[in-house]
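Undergrad: First, the structure itself, so that you have it in front of you.
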Amino acid sequence: MSPTCHVCPVCGCLAAPRLVFPAFTVLACPGCRHEFTPELPRSAAETYDPAYFQKAHANWFANPDTDLFATLAAAIARFHGKTARVIDIGCGNGAFLSYLQKQGFTHLTGLDIIAQTLPAPMRYFKTPIEDYAGGETFDAVVSLANVEHLPNPLAA
């Protein structure tokens, strides 16, 4: 397979080959550092429902990246304090927001396309990011392990 350049789906920069394998190429974007594999065909569209967390990806959600969570929490607290208004776009089962809440953060909002019940006083909106029209401002906008699920990441 030829190591062709592609436009990064996240920021629109021209991404170049980073790793070349016989069946696919891993591309790296110099702008946002996103890495992706455009040649890999999707076997079937993912179904986003509660089983996505409980069955299909149970191991992933049972083992949250608490090191990453701690790094992000420290950065948000350093710049905005624990009263920061935080929204997690594509919050999934709310693992990051729950982590923040345990760390003393108080203004937490989650947004995802799968119906969720997050513990109070967190707020939750069941909507795709492209359709969210909350009209609010936030001090921190977080989106973890989500870009690969967006139909048009650059637009989002």
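Undergrad: For residues that are touching a residue at least 24 places away in the same chain (Cβ under 8 Å) and part of a helix (DSSP H, G or I), scanning just the stretch 78-96, find the one that is surrounded by the fewest Cβ atoms within 10 Å (Cβ to Cβ).
TA: Filtering first and then ranking leaves Phe79.
Undergrad: I'd like the residue in the stretch 36-92 that is more than 17 Å from Asp112 (Cα to Cα) and among the β-branched types (Val, Ile, Thr) and, out of all such residues, is modelled with the lowest pLDDT.
TA: Among them, the one singled out is Thr37.
Undergrad: Do we find that Cys32 is touching a Gly at 6+ places or on another chain (Cβ under 6 Å), on the phi < 0 side of the Ramachandran plot and either modelled with pLDDT of 90 or more or open to solvent by less than 70 Å² (accessible area, probe 1.4 Å) (or both) in this structure?
TA: No; evaluated as a whole, the condition is false for this residue.
Undergrad: If you don't mind, there's one more thing I want to ask. Go through (1) in contact with a helix residue (DSSP H, G or I) (Cβ under 9 Å, 6 or more places away or on another chain); (2) aromatic (Phe, Trp, Tyr); (3) loosely packed, with under 12 Cβ neighbours inside 10 Å for Trp60 and report which single condition fails.
TA: Going through (1) in contact with a helix residue (DSSP H, G or I) (Cβ under 9 Å, 6 or more places away or on another chain); (2) aromatic (Phe, Trp, Tyr); (3) loosely packed, with under 12 Cβ neighbours inside 10 Å one by one, Trp60 breaks only (3).
Undergrad: Collect the residues in the stretch 112-135 that are open to solvent by 60 Å² or more (accessible area, probe 1.4 Å) and over 22 Å from Pro64 (Cα atoms), keeping them in residue-number order.
TA: Glu130, Asp131, Ala133, Gly135
Undergrad: Still on this structure: Enumerate the pairs (first residue in the stretch 1-21 and exposed (fewer than 15 other Cβ atoms within 10 Å of the Cβ); second residue anywhere and among the small types (Gly, Ala, Ser) and modelled with pLDDT of 85 or more) with beta-carbon separation below 6 Å, excluding pairs fewer than 6 apart on the same chain, so at least 6 apart or on different chains.
TA: Close Cβ pairs (under 6 Å, with a partner that is among the small types (Gly, Ala, Ser) and modelled with pLDDT of 85 or more) amount to Cys5/Ala16; Cys13/Gly31; Arg18/Ala28.
Undergrad: Can you find, within the stretch 115-139, the residue that is farthest from Ile87 (Cα to Cα) among those that are of a type in the set (Phe, Trp, Tyr) and outside any strand (DSSP E or B)?
TA: Tyr132
Undergrad: Restricting to the stretch 97-111, and then to whatever is in a loop (DSSP other than H, G, I, E, B) and not hydroxyl-bearing (Ser, Thr, Tyr), can you tell me which residue is surrounded by the most Cβ atoms within 10 Å (Cβ to Cβ)?
TA: It comes out as Phe105.
The values are calculated or read from the model by the stated rules, or taken from the named source; none is laboratory data. Just so you know, these numbers come straight off a predicted model, no measurement behind them. We place every Cβ from the backbone using ideal geometry, glycine too, and count neighbours over all the protein chains shown. In case anyone asks, the SASA skips ligands and DNA or RNA and just uses the protein heavy atoms, side chains included. Shrake-Rupley method; radii C 1.70, N 1.55, O 1.52, S 1.80 Å.
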